[in-house]
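These notes concern the structure reproduced below.
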Amino acid sequence: MADLREKLDKLRADAADLVLMSRRSSDPQKRALFERLADELAIEALELEQVVKLQSRRSSHSDMGKVVPLQVRPDRR
């Protein structure tokens, strides 16, 4: 799960870098290319974020079956 989160952070950072490159580019073709690439990476980041959320929900539900119920013992006074 941590690997997916690292990948997600990297995708977001790369998308942000491409947006900056697009804004700084004076060539209209390069600007359009960087914008498209930034959009593609942003979409991939959103898709990966959905996968991470889905896996975290699944793991929390599956972990609930592993929980041992607390049995209250009578007081030993």
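Just so it is clear, none of the values below were taken in a lab; they were calculated from the coordinates. Owing to the predicted nature of the structure, the values given are computational and were not obtained by experimental measurement. Virtual Cβ from ideal backbone geometry, glycine too; neighbours counted across all protein chains shown.
Per 0.36 nm of contour for each residue apart, how much would the distance between E35 and D9 grow if the chain were fully extended, relative to their Cα-Cα spacing? Don't jump to the answer; show the numbers that get you there.
Numbers: separation 26, 0.36 × 26 = 9.36 nm, distance 1.88 nm.
Length difference between fully extended and current span is 7.5 nm.
Stretch E47-L20 to full length: gain in nm at 0.36 nm per residue minus the Cα-Cα span? Let's see the in-between values first.
Numbers: separation 27, 0.36 × 27 = 9.72 nm, distance 2.22 nm.
Gain on stretching E47 to L20: 7.5 nm.
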>> Which residue, A38, V52, L20, has the largest displacement toward the positive end of the dipole of the stretch 2-57 when charges sit on each Cβ (Lys, Arg +1; Asp, Glu -1)?
In response: L20
